């Protein structure tokens, strides 16, 4: 089975994608990971993408589609896959339709308020880069890293005004995608625990 997983920032979709992959023994395919791997390996497409990014431009749909196509042609995708972070636009969705068949779209839904609260509660150590969460994984001493005693801070891209803009972009992009895939979407409440969300996904996908 071939799946796409959708979800706002902090919805937990990445975690759920990995749990589905583990259960079904199929790969999670992240557009960001593919891009980084091709750049690191200096493939032809990776070099093209790097050149575009070095100019401060967005990687074109043509390059992304070719990267995705190459990945889907690998042997580990024969029994299915979970696409995470692609497609983002209708044009990408239409191009994807020409190279593969998508069976279901998993839409992990949380409120904007919950997303903001989850993200602005993240903290990172200035010294060693360890990550914490004020709600789910707090440090033993407030604002002090358990590992190196470094100072914890809120990253600029996790600040509330930035998160609100990210959510706005996400909604603008995915609302159109949801209409495009409306016959294949299953809605999942992303607010309960990870285990409960996973079970809901498995139930709705008839995964035993």
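Just a few scattered comments:
- Of all residues in segment 136-163 being part of a strand (DSSP E or B) and modelled with pLDDT of 95 or more, the one that is farthest from residue 193 (Cα to Cα): 151
- Residue 105 vs. criteria within 19 Å of the chain's Cα centre (by Cα), part of a helix (DSSP H, G or I), touching a residue at least 24 places away in the same chain (Cβ under 8 Å) and within 18 Å of residue 13 (Cα to Cα): no
- Whenever a residue of segment 146-160 is touching a residue at least 40 places away in the same chain (Cβ under 8 Å), its partners that are part of a helix (DSSP H, G or I), lying with C-beta atoms within less than 8 angstrom and at least six residues away or across chains, give the pairs 160/116; 160/120.
- Of residues in segment 108-132 being in contact (Cβ under 8 Å) with a residue 60 or more places away in the chain and assigned to a strand (DSSP E or B), the one nearest to residue 2 (Cα to Cα): 108
- Under the condition of being part of a helix (DSSP H, G or I) and farther than 12 Å from residue 109 by Cβ, the residues counted in segment 176-200 number 9.
- Residue count for segment 144-170, restricted to those that are surrounded by 14 or more Cβ atoms within 10 Å (Cβ to Cβ) and in contact with a helix residue (DSSP H, G or I) (Cβ under 6 Å, 6 or more places away or on another chain): 3
- When segment 1-18 is limited to residues that are touching a residue at least 60 places away in the same chain (Cβ under 8 Å) and part of a helix (DSSP H, G or I), the one that is surrounded by the fewest Cβ atoms within 10 Å (Cβ to Cβ) turns out to be 15.
- Lone qualifier among 194, 135, 207 - being more than 18 Å from the chain's Cα centre (by Cα), touching a residue at least 60 places away in the same chain (Cβ under 8 Å) and more than 30 Å from residue 66 (Cα to Cα): 207
The values are calculated or read from the model by the stated rules, or taken from the named source; none is laboratory data. Every value quoted in this text rests on a predicted model; they were computed, and no experiment measured them. Please note: Cβ atoms are built from the backbone with ideal geometry, for glycine as well, and neighbour counts cover all protein chains shown.
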